[in-house]
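The block underneath contains the structure these notes are about, expressed in structure tokens.
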Amino acid sequence: MHEIADYRSLRSLPSHAVVLSTGDPMLAGLGYLPGEVVPGISSLQVAFARLKVPLTKVAVVSAHGKDHARAVAETREEVLAGRVVFLIADPAFSVGALAAALPPETRLAVCEDLGYPEERIAVGTGALPPAARGDLFVVVAGEF
């Protein structure tokens with residue numbers, strides 16, 4: 001097994017290579033690569049099942065390795081439109097900054113390590129946001 005440090009090199013892998021990756025390959029993963037995709041249960045499915053939120057209300061926003069201010073603005077827009085946002089965060093993402101941009105009564109859930117024994121879901125509001133304790137988390141925001 002070889003760990004890939006530079007994701008730009010993925011497109012140059014030989015056709016017989018197998019790439020193992022976490023997460024949903026078509027949500028924020030490596031599904032763009034050629035070859036067969038074998039998905040698992042995504043963090044979106046787990047989070048919404050745990051919170052009992054219908055997937056028909058979801059809007060997905062990615063802040064993972066992207067412009068956090070833009071992700072916060074997109075999340076605010078979607079929440080104000082009545083959707084429940086599933087925000088894919090990265091370790092540097094500030095739940096507090098997101099909470100400050102939302103109406104104070106907006107519900108927020110920080111979902112960490114979903115599917116692992118140490119799974120944790122903390123629920124709060126824009127006025128009293130939950131805190132992320134680790135690096136592997138997503139945020140659900142809206143009316144749920």
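The values are calculated or read from the model by the stated rules, or taken from the named source; none is laboratory data. Predicted model only: the values in this text are computed from it and were never measured. Cβ sites come from the backbone with ideal geometry, for glycine too, and all protein chains shown count toward neighbours.
The residues in the range 81-125 that are under 23 Å from Ala28 (Cα atoms) and of a type in the set (Ser, Thr, Tyr) can be counted, and the count is 2.
Out of all the residues in the range 107-143, which are in contact with a Pro (Cβ under 9 Å, 6 or more places away or on another chain), assigned to a loop (DSSP other than H, G, I, E, B) and at pLDDT 95 or above?
Hits for the range 107-143 are Gly126, Ala127, Leu128, Ala132.
Thr75 meets each of the listed conditions (1) touching a helix residue (DSSP H, G or I) at 6+ places or on another chain (Cβ under 8 Å); (2) surrounded by fewer than 20 Cβ atoms within 10 Å (Cβ to Cβ) apart from (2). Of the residues Ala49, Ala59, the single one that is of a type in the set (A, V, I, L, M, F, W, C), within 23 Å of Arg120 (Cα to Cα), modelled with pLDDT of 95 or more and surrounded by 13 or more Cβ atoms within 10 Å (Cβ to Cβ) is Ala59.
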